[in-house]
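Asker: Next up is a structure, given as structure tokens.
No lab work stands behind these numbers, since they all come straight from the coordinates. Keep in mind it's a predicted model, so treat the numbers as computed, not measured. Here the Cβ positions follow ideal geometry from the backbone for every residue, glycine too, while neighbour counts run over all protein chains shown.
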2 protein chains.
Amino acid sequence: MRDAFHEVLDQLTDDLVEMTRLAASSMSRATNALLDADLELTQTVISADEQLDALEKKINLVAVDTLARQQPVATDLRIIVTALRMAASIERMGDLAVHVAKVARLRYPEAAVPPEARASILEMAQVANKLITQVGGIITTKDMDAVNTLDLTDDRLDALHREIYNLITSENAPHDRKTSIDLALLARYYERFGDHAVSVGEQMQYLVTGIIEQRA
Amino acid sequence: MRDAFHEVLDQLTDDLVEMTRLAASSMSRATNALLDADLELTQTVISADEQLDALEKKINLVAVDTLARQQPVATDLRIIVTALRMAASIERMGDLAVHVAKVARLRYPEAAVPPEARASILEMAQVANKLITQVGGIITTKDMDAVNTLDLTDDRLDALHREIYNLITSENAPHDRKTSIDLALLARYYERFGDHAVSVGEQMQYLVTGIIEQRA
């Protein structure tokens with residue numbers, strides 16, 4: 001039979017996986033809204049962000065309540081504190097998806113991303129999505145080896161960021177300055193999203209290791 | 001006589017104030033490095049960031065140790081969890097100062113900020129510094145009314161951000177695209193720095209209220 005603390009751990013784990021799923025779907029929809037100049041889709045990104053905020057609040061309440069009622073020590077305590085930190089990082093990823101959606105909304109009915117940058121932005125979004133999906137997988141499958149692959153995936157995001165930077169700083173770029181600046185900020189949003197995913201993955205590894213130690 | 005828990009609170013308070021001081025000094029030096037193309041100064045920003053990272057780690061250790069040993073509940077517990085969150089925000093402010101310093105280093109020996117943008121960037125830095133200094137003051141003096149003034153100060157940062165955006169998106173701007181993009185990112189770094197300061201101020205208010213309730 002599971003004790004109360006392990007039931008809380010299972011709940012925290014489920015909620016964190018759900019947060020990664022929401023963050024992935026949110027950034028993916030923000031990217032579609034951006035590339036297709038789809039105004040309605042930007043609205044769903046903002047709704048998903050409210051769900052992420054609510055889940056973070058829920059995790060905070062459960063964590064603080066568990067600290068107060070069960071007064072965990074050692075590994076148990078570190079797991080709870082780590083879950084708080086992971087929830088904060090994933091909540092921030094939702095904010096970055098909202099930033100992307102807001103660029104789409106600001107430029108509507110035009111598309112913010114010009115033809116010459118579409119492939120790079122799309123790939124940045126795909127790599128960012130892959131990262132957070134991998135992170136969700138790590139906590140579901142408890143496959144710790146997967147954490148080591150996150151950095152490699154993130155390197156591709158950095159390379160794409162440099163590619164976009166070279167395009168938008170070129171004086172004979174076929175787009176105007178406003179577009180250059182949109183693209184600079186967009187590339188930064190995807191890169192920060194990736195950084196948060198890697199950081200959550202590393203924290204998850206720590207948390208998962210703790211859970212496995214406890215169950216051994 | 002103070003009990004062990006209140007001694008920990010005093011230590012956390014001192015460490016958080018010291019972090020605000022370091023973040024203020026770091027962003028101020030990063031700005032000087034940026035405006036004067038001063039390469040040596042960029043190095044001191046990176047050193048200050050290491051100090052900030054170390055202080056955040058220290059606060060985390062003390063907080064987790066206090067949760068384990070003293071098993072605080074109710075207000076005491078919320079204060080410790082809030083201190084963790086505040087330390088994370090101020091640590092992130094140090095990262096933003098490093099981002100500013102890196103723009104200075106990347107453009108050296110040229111100045112990254114062209115004459116037409118110097119006044120706005122300087123004022124953004126001054127307002128950002130005012131915000132974090134006010135936040136440090138709030139925790140030192142426990143003057144809760146001051147928290148309400150943070151948003152007003154932050155509004156000025158938003159206005160300056162818009163001013164810079166209008167300058168750099170103008171097709172007849174006297175600087176090149178690379179400079180426009182540097183300025184877009186710099187304005188965003190100062191604005192994020194301000195957002196974090198406001199958020200720390202709000203968290204501090206919560207923490208300070210907790211401390212005052214305890215001492216009443």
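Asker: Could you tell me the relative contact order of chain A? Use alpha-carbon pairs under 8 Å, at least six residues apart, and round to a whole percent.
Answerer: 27 percent
Asker: Also: Please give me, ordered by residue number, the GluC sites (Glu not before Pro) of region B:74-148 that lie in loop per DSSP and have at most 11 other Cβ atoms within 10 Å.
Answerer: Passing sites in region B:74-148 are B:Glu110.
Asker: At 37 °C and 0.692 mPa s, what whole-number value in µm²/s does Stokes-Einstein give for the translational diffusion of region B:1-209, with Rh from the Kirkwood sum over Cα pairs?
Answerer: The estimated diffusion coefficient comes to 184 µm²/s.
Asker: How crowded by other chains is A:81-88, given as the mean number of beta carbons from other chains within 10 Å of each beta carbon?
Answerer: Partner-chain Cβ atoms within 10 Å, mean over residues of A:81-88: 2.
Asker: Further question on the same structure: Only loop residues by DSSP count here, and only those with at most 11 other Cβ atoms within 10 Å; note down the GluC sites (Glu not before Pro) in region B:131-216 that meet that.
Answerer: B:Glu171
Asker: Kindly express, to the nearest 10 degrees and within the range 0 to 90, the angle between helix A:39-70's C-alpha long axis and the longest C-alpha principal axis of chain A.
Answerer: Here the helix axis deviates by roughly 20 degrees.
Asker: Assuming 0.36 nm per residue, please report the length gained on full extension of the stretch B:Asp36 to B:Thr141 beyond their Cα-Cα distance.
Answerer: Gain on extension, B:Asp36 to B:Thr141, equals 34.3 nm.
Asker: Determine the calculated [θ] at 222 nm for the protein assembly as shown from helices alone, applying -39500 (n - 2.57) to every DSSP H run no shorter than 4 residues and normalising by the residue count; nearest 500 deg cm²/dmol.
Answerer: -32000 deg cm²/dmol
Asker: Using the alpha-carbon atoms, what tilt in degrees (0 to 90, nearest 10) does helix A:145-169 show relative to the longest principal axis of chain A?
Answerer: That works out to roughly 20 degrees.
Asker: Next question. Can you tell me the orientation of helix B:74-107 relative to chain B, as the angle in degrees between its alpha-carbon axis and the longest Cα principal axis, to the nearest 10?
Answerer: Once rounded, one gets 20 degrees.
Asker: List the lysines whose Cα sits under 24 Å from the Cα of B:Lys178, skipping any in the same chain fewer than 8 residues away.
Answerer: A:Lys102, A:Lys178, B:Lys102
Asker: Okay, moving on. Provide an ascending nm list, one decimal, of label-point separations from B:Ala74 to the equivalent residue in each further copy; define each label point as 7 Å from Cα along Cα→Cβ.
Answerer: Computed spacing set for this position: 3.0 nm.
Asker: Determine which chain B residue has its Cβ at minimum distance from the rotation axis mapping B onto A, giving the value in whole Å.
Answerer: That would be B:Gln71, 2, residue then distance in Å.
Asker: log10 I(q)/I(0), Debye, Cα-only the protein assembly as shown, no solvent, q = 0.08 Å⁻¹?
Answerer: -0.47
Asker: Tally Lys/Arg at +1 and Asp/Glu at -1 over every other residue whose Cβ is under 14 Å from the Cβ of B:Thr44; what's the total?
Answerer: -2
Asker: Follow-up question, since we're still on this one. Going 7 Å from Cα along the Cα-Cβ axis for the label, what nanometre distances separate A:Asp53 from the same residue across the other copies?
Answerer: 3.2
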